[in-house]
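Working notes for the structure below.
Just so you know, all these numbers are worked out from the coordinates, no wet-lab data involved. For clarity, every value in this text was computed on a predicted model and none was experimentally measured. Heads up, the Cβs are rebuilt from the backbone with ideal geometry, glycines too, and the neighbour counts pull from every protein chain shown.
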Amino acid sequence: MDAVVTEVRRILQTPEVVTQMLTSLKREQGGTSEADAIAALHDFDELWGQLFPAEQARIIQLLVRRVTVTAAGLEVDIRREGVNSMIREMLAPRKMEAAE
């Protein structure tokens, strides 16, 4: 599981994933700013450390479509829609704090 989480962290920081996530969020027009979304991705490590194991497993299920182990290493296929869902969930508490 640690290897999968490490790979997910790496993938979430790639320009391709960040660009796709921002494009999708713009289409949805949910009021999420680019800066907030990027900050949420960078806060993933901090958030991960605060989650219970069951919550961590739920996040991995949301983000990971398939894990393939090859002689060359680990291949993790990410659910792009899962990234957007995770970002929305991570930003929800921030929006509530700002509204108070």
Could you state the per residue volume, in Å³, of the convex hull enclosing the Cα atoms of the chain?
-> 97 Å³
Across the Cα atoms of the range 1-46, what radius of gyration and what greatest pairwise Cα-Cα distance (Dmax) are found, in Å?
-> 11.6, 34
Take every Cα pair under 8 Å in the range 2-99 that's 6+ residues apart, average their separations, divide by the length, and report that relative contact order as a whole percent.
-> 32 percent
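Evaluate E = 1/(1 + (r/R0)^6) for Asp77 and His42, where r is the Cβ-Cβ distance and R0 equals 25 Å; express this FRET efficiency to the nearest 0.05. Don't skip to the answer; put the middle values down first.
On the way: r = 23 Å, r/R0 = 0.90.
Efficiency at R0 = 25 Å is approximately 0.65.
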Return the single residue from Thr70, Thr14, Thr23 with maximal mean-square fluctuation; model: Gaussian network over the chain, springs between Cα atoms under 10 Å.
-> Thr70
